[in-house]
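Asker: Here you go, one structure.
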Amino acid sequence: MDTKLVVADFEDWREVVAEAVALLQDGEVVALPTETVYGLAADVFNAEAVARIFEVKERPSFDPLIVHIGHKRDLEIIVDIPPELEEVVDELVATYWPGPLTLVLPKKPNIPDIVTSGLDTVAIRFSSHEVMKAVAREVPVAAPSANRFGRISPTSAQAVMEELGGKIPMVIDGGACRDGLESTIVAPEMTEKGPVLRLLRSGPIPREELRKIAKVIKPKKTKADHIEAPGQIESHYAPATPMILVETAGEFVPEEGVKYGLLSYRGEGNNSLMEATEWAHTEVMSPGKGKLAEGGVRLFYCLRNLDAADVDVIVAESVSETGVGVAIMDRLRRAAAGSQEK
């Protein structure tokens, strides 16, 4: 199959959207940009089309998908919000949509089981990217990241082409992703003491922000047979190259004859590994001042560059687990675990 790469620029992006909508309505899958990572989309109400997502990505059937809508009012098409949660859901939607927040709520009966991996709940969000918004306004879509399962998430159209070129009919190039990390996922619940938000996946909206709306709790580690939302599998986001995460500088002892690549946070500072050995290749997530938000944007881009750099082992520095740093460390730990399984 020839994969068509189409640039959605400010002049003709609506024409590109119309072409993507036509493909989706015909039961095809299309790679679309969002503010977080690129997604592989299919009509959420077409079970056969959604099955194509799992086939293309080689994704296990127990891992549910995120549904993208094109307007806040479309929430009621996809989910049944329990009356006791209406207030907290309204506040989350008003504060963070459109944006990188996914809500897990009871699904409507019209949502195919394949979308939710048989669960009674569905993950749903409203992206702020103009292309995804415009497409989802016409066709609500199920859309996980547009990469092979377990691999590094794509934050550019070129990364999608490298992952899925020849397997899908169309990739829309909407530029580099603004946030670079998959959306934050929460499941609102009511308790005797009031509403709480179960944090199922860390992302661009940190725990500190969510606490302004309701108490945030983190569930225990999820087993593979009890997945509630995407991104909960212990090994994920992994390069093909073996990778280790070094949380303190003294942990790393280089072996003679091994070509190491370094994923550094700042490229300098007390915990930097820049002087630990002669690196075959280095990538810095946030050069200079070391900003966690910039590190999040550049994480997967840098990791892809290292994976293509012909090194034997990727060594990743840790970052402070505050704000977006929690999400970065989550991805680094899962990437390291996934690379060791290959």
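Asker: For the stretch 268-279, just list the computed ³J(HN,Hα) in residue order, Karplus coefficients 6.51, -1.76 and 1.60, θ = phi - 60°, integers in Hz, with x standing in for Gly and Pro.
Answerer: Each residue of the stretch 268-279 in turn: 7, x, 4, 9, 6, 9, 4, 9, 6, 6, 8, 6 Hz.
Asker: Right, next: 5 Å is the cut-off here: which amide hydrogens, built 1.01 Å from N in the peptide plane, fall below it relative to ALA41, excluding neighbours closer than 5 in sequence?
Answerer: Placed amide hydrogens put VAL30, ALA31, LEU32 under 5 Å from ALA41.
Asker: Another question, if that's okay. Going down the table (LYS108/LYS167; LYS4/LYS108; LYS107/LYS193), which pairs top 27 Å between alpha carbons? Mind showing how you got there, number by number?
Answerer: Details: LYS108/LYS167 31 Å; LYS4/LYS108 34 Å; LYS107/LYS193 25 Å.
Listed pairs above 27 Å: LYS108/LYS167; LYS4/LYS108.
Asker: I've got another one for you. 222 nm [θ] for the chain, helices only, -39500 (n - 2.57) per DSSP H run of 4+, per residue, to 500? Write out the running numbers ahead of the final one.
Answerer: Working: 10 runs with 96 residues, N = 342.
Here the helix-only value at 222 nm equals -8000 deg cm²/dmol.
Asker: List the equivalent ellipsoid semi-axes of the chain in whole Å, largest first, each obtained as the square root of 5λ for an eigenvalue λ of the Cα gyration tensor. Can you show the working numbers first?
Answerer: Working: eigenvalues 210, 120, 63 Å².
Each semi-axis is the square root of five times an eigenvalue, giving 32, 24, 18 Å.
Asker: Determine the dipole magnitude for the stretch 243-340: charges of +1 sit on the beta-carbon of Lys and Arg, -1 on that of Asp and Glu, nothing else is charged, the reference point is the Cα centre, and the result goes in debye to the nearest 20. Intermediate values should be presented prior to the final figure.
Answerer: Values: 9 positive and 15 negative charges, 105 e Å.
The calculation lands at about 500 debye.
Asker: Ok, one more. Could you name the aspartates and glutamates whose alpha carbon sits less than 16 Å from that of LYS259, not counting residues in the same chain fewer than 8 places away?
Answerer: Cross-link targets: GLU275, GLU278, GLU283, ASP307, ASP310, ASP312.
Asker: Compare the peptides 15-21, 177-183, 36-42, 84-90 by average per-residue count of other Cβ atoms within 10 angstrom and give them in order, highest first.
Answerer: In descending order of packing, they fall as 36-42, 177-183, 15-21, 84-90.
Asker: Above 21 angstrom, tally the Cα pairs of the stretch 1-109 and express them as a % of all pairs, no decimals. Mind showing how you got there, number by number?
Answerer: On the way: 2740 of 5886 pairs.
Percent of Cα pairs beyond 21 Å in the stretch 1-109: 47.
Asker: Let me ask something additional. For the peptides 144-153, 118-127, 104-113, what is the packing order when you average, over each peptide's residues, the other Cβ atoms within 10 Å and list the highest mean first? Don't jump to the answer; show the numbers that get you there.
Answerer: Values: 144-153: 23.7, 118-127: 21.4, 104-113: 15.8.
Descending mean neighbour count gives 144-153, 118-127, 104-113.
Asker: Rg and Dmax of the stretch 194-342, using alpha carbons, in Å: what are they?
Answerer: 16.2, 58
Asker: Where does each of 309-319, 267-277 land if you order them by average Cβ count within 10 Å, highest first? Intermediate results must be reported in sequence, preceding the final value.
Answerer: Values: 309-319: 20.7, 267-277: 14.5.
By packing density, highest mean first, the sequence is 309-319, 267-277.
Asker: In terms of the ratio Rg/(2.2 N^0.38 Å) built on C-alpha atoms, what value belongs to the stretch 148-219?
Answerer: On the way: Rg = 17.1 Å, N = 72, 2.2 N^0.38 = 11.2 Å.
Taking the Cα Rg and dividing by 2.2 N^0.38 Å, one obtains 1.53.
Asker: Sticking with this structure for a sec: In whole Å, what is the distance between the alpha-carbon centres of the stretch 44-95 and the stretch 270-286?
Answerer: Cα centres, the stretch 44-95 to the stretch 270-286: 40 Å.
No value in this document is a laboratory result; all are computed from the given coordinates. The structure displayed is predicted, hence computed values, not measured ones. Glycine also receives a Cβ, built like all others from the backbone with ideal geometry; neighbour counts cover every protein chain displayed.
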